[in-house]
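Reviewing the structure listed below.
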Amino acid sequence: MSDIDDSGDTEADGLRKIIHVDMDAFFASVEQRDNPELRGKPVAVGGSSGRGVVAAASYEARKFGVKSAMPSVTAQRKCPELIFVKSRFDAYREVSQQIRAIFRHHTDLVEPLSLDEAYLDVTEDKLGIGSATRIAELIRQEIRAKTKLTASAGVSYNKFLAKLASDQNKPDGMCVIRPGQGAEFVQSLPVRRFHGVGPKGAEKMDRLGIVTGADLAAKDIEWLRAHFGSFADYLYRAARGIDLRPVRSSRIRKSVGGERTFSRDLSSGSELRETLENIIDIVWGYIERAEAKGRTVTLKMKYTDFQIFSRAKTVDRPIEGKDEFAALSRKLLEEVLPLPMPIRLMGLTLSKLERDGPEEPKRPDAQLSLL
Ligand SMILES: [Mg+2]
C-alpha cells in the first residue's frame, strides 16, 4: 500500500463542489404530510407489535428519545403517546424519484445513498449556476415546492464533509464547509458522526481512547492500519477533512450475498437447516455493513452433479430486519426439501437493492465469498 501523501491529497481535494442532500425524518415526514392528523405529533413508522422496530421517527418523537432501529416496545415506553403508522414504501419511492429528478436537473453525477439521501457533484453544473451553495439552496426550494417536504443540505469539497455538513443544521437547514475549513471542522466532532463509523466502530475507538476527530488525527497511519486494517486510510484522511472518493452515479453492486462450499456433501434436512442458519448470520452481517436494503432473497445450491439450483422470493417493500430475512430464507429452503441429491454449496443473496436506480446498467452480481 502506498504511503499517505497529505499535501497532494489536500490539493486534489479542494477542487470539487459536492452537495449532500438528506430529507428530514423522511418516512415520518411523508406520513405527516399525507395525514394532517399526524402533524405536530410523535409518529413512528414501523410495526407496533411485539417484534417490530421503528423504521423512522418524527422530530416530535425524537424529543422523547425515539430513534430508528429501536424496538417498538422500547419506543412506546419512552413515548407513551407515540403513534405507530405502517410504512408505505410506494409513497416513499415516489418522493425519491421526484427528488432524484430535481438533482439530475443540476447534474448527472448523482450518487443515491438511500431513498432520501444523495451526493451530488456540481463542480460543473448543467445550468451553469457555478455556486454550489446557490445550487443547494435551489434544490431545497425545489424539493419543498414539489414534494411539500423539507430537506437539509451540506455543501463542501468532498463527500465526507458534505455529509457531515448536511447533518449540522437539521431539520430544514444548510451548512457550508469551504476549502481550508475541513480539518478544523472535523477536530471537535465525535468520531461516531463520521460516515462509515458504525456504533461498533465508535465503541472500538472509544476503547482505544478516540472520541473526537482530533483524537483520531493524533494517531499515525501505521497505528491506524494495525487497528483498523483497510479502513485506516479512509480514517486517516477523514480526521483531516480529506476524502478523495468520487461521486459515483452508478453503482456496481446489484446484490449483497455470500455462499459456502462444503468439504463434504450435505443432504439431511437438519444439516441443511443448520448450515442455512450459519449463512443467514454471515450474509446478514454483510447486508448490514453495506447498509443495503433489498426486496429479493435468493437461495442458491449446487448439487453434487454441479447443477446449480436457485429459488427466490420477492416482497413488495424492503426487508426490514434480520428476522424477516431469516424467515424468507428458511421458507425457501423448506420449499425445496427433501432434495433430490446432496449439495456441495449453499448461498444467499439479497438483491433488488433500494439504492439502485432504475437507470443503471446491468452488471453481474458482485458476490462476496464466505470461504
Ligand atoms: Mg434523511
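The values are calculated or read from the model by the stated rules, or taken from the named source; none is laboratory data. Since the model is a prediction, treat every value here as computed from it, not as a measurement. Every residue, glycine as well, gets a Cβ built from its backbone with ideal geometry; the counts of neighbours run over all protein chains shown. Just the protein is used for accessible areas: all its heavy atoms, side chains included, with ligands, DNA and RNA removed. Shrake-Rupley method; radii C 1.70, N 1.55, O 1.52, S 1.80 Å.
Residues that are in contact (Cβ under 8 Å) with a residue 24 or more places away in the chain, away from the ligand (no atom under 16 Å from the Cβ) and open to solvent by 40 Å² or more (accessible area, probe 1.4 Å) within the range 95-119 comprise His105, Asp108, Leu109, listed in sequence order. Give all pairs with beta carbons closer than 6 Å in which a residue from the range 128-142 that is touching a residue at least 40 places away in the same chain (Cβ under 8 Å) meets a residue that is surrounded by 13 or more Cβ atoms within 10 Å (Cβ to Cβ) and not aliphatic (A, V, I, L, M); count only pairs at least 6 apart in sequence or on separate chains. Sorted first by the residue in the range 128-142, then by its partner, the pairs are Ala132/Lys17; Ile135/His106; Ile135/Asp125.
Within the range 15-42, count every residue that is within 12 Å of the ligand (Cβ to nearest atom), assigned to a strand (DSSP E or B) and β-branched (Val, Ile, Thr).
Step one: of the range 15-42, the residues within 12 Å of the ligand (Cβ to nearest atom) are 20-30.
Retained after the next criterion (residues that are assigned to a strand (DSSP E or B)): 20-23.
With the extra rule that they be β-branched (Val, Ile, Thr), the set shrinks to 21.
So the count comes out to 1.
Which ones in the range 95-111 are of a type in the set (Asp, Glu) and part of a strand (DSSP E or B)? Selection gives Glu111 alone.
Search the range 23-39 for residues being acidic (Asp, Glu) and closer than 15 Å to Ala57 by Cα, and hand back the single one that is surrounded by the fewest Cβ atoms within 10 Å (Cβ to Cβ).
The first filter runs over the range 23-39 and keeps only residues acidic (Asp, Glu), leaving 24, 31, 34, 37.
Now drop any that are not closer than 15 Å to Ala57 by Cα, which leaves 24, 31.
On the way: Asp24: 17, Glu31: 24.
Checking each candidate, the answer is Asp24.
Here are Gly201, Gly128, Gly182: which of them is open to solvent by less than 20 Å² (accessible area, probe 1.4 Å) and not aliphatic (A, V, I, L, M)?
Values: Gly201 fails: open to solvent by less than 20 Å² (accessible area, probe 1.4 Å); Gly128 fails: open to solvent by less than 20 Å² (accessible area, probe 1.4 Å).
Answer to the check: Gly182.
If you take the residues of the range 178-226 that are in a loop (DSSP other than H, G, I, E, B) and small (Gly, Ala, Ser), which of them is farthest from Thr133 (Cα to Cα)? Break it down into steps so the answer makes sense when it comes.
Going through the range 178-226, the residues in a loop (DSSP other than H, G, I, E, B) turn out to be 178-181, 188-189, 194-198, 208-211, 218-220.
This time we only want the ones that are small (Gly, Ala, Ser), so: 180, 188, 196, 198, 209, 218.
On the way: Gly180: 16, Ser188: 24, Gly196: 25, Gly198: 29, Gly209: 36, Ala218: 32 Å.
Among residues in the range 178-226 that are in a loop (DSSP other than H, G, I, E, B) and small (Gly, Ala, Ser), the one farthest from Thr133 (Cα to Cα) is Gly209.
Of all residues assigned to the range 139-159, none qualifies as being acidic (Asp, Glu), open to solvent by 10 Å² or more (accessible area, probe 1.4 Å) and within 16 Å of the ligand (Cβ to nearest atom). Taking the condition over 17 Å from the mean Cα position of the chain (by Cα) and free of Cβ contacts under 8 Å to residues at least 12 places away in the same chain, does Ala75 pass? Here the answer is no, as Ala75 does not meet what is asked. Among the residues of the range 203-220, just one is in contact with a strand residue (DSSP E or B) (Cβ under 8 Å, 6 or more places away or on another chain) and free of Cβ contacts under 8 Å to residues at least 24 places away in the same chain, namely Val211. Before we move on, is Glu222 more than 26 Å from the chain's Cα centre (by Cα) and modelled with pLDDT of 90 or more? The answer is yes for Glu222. For the range 234-243, the set of residues classified as touching a residue at least 60 places away in the same chain (Cβ under 8 Å), in a helix (DSSP H, G or I) and either in contact with a Ser or Thr (Cβ under 9 Å, 6 or more places away or on another chain) or open to solvent by less than 20 Å² (accessible area, probe 1.4 Å) (or both) consists of Ala238 only. Taken together, the criteria place Val54 among residues that are among the β-branched types (Val, Ile, Thr) and within 16 Å of the ligand (Cβ to nearest atom).
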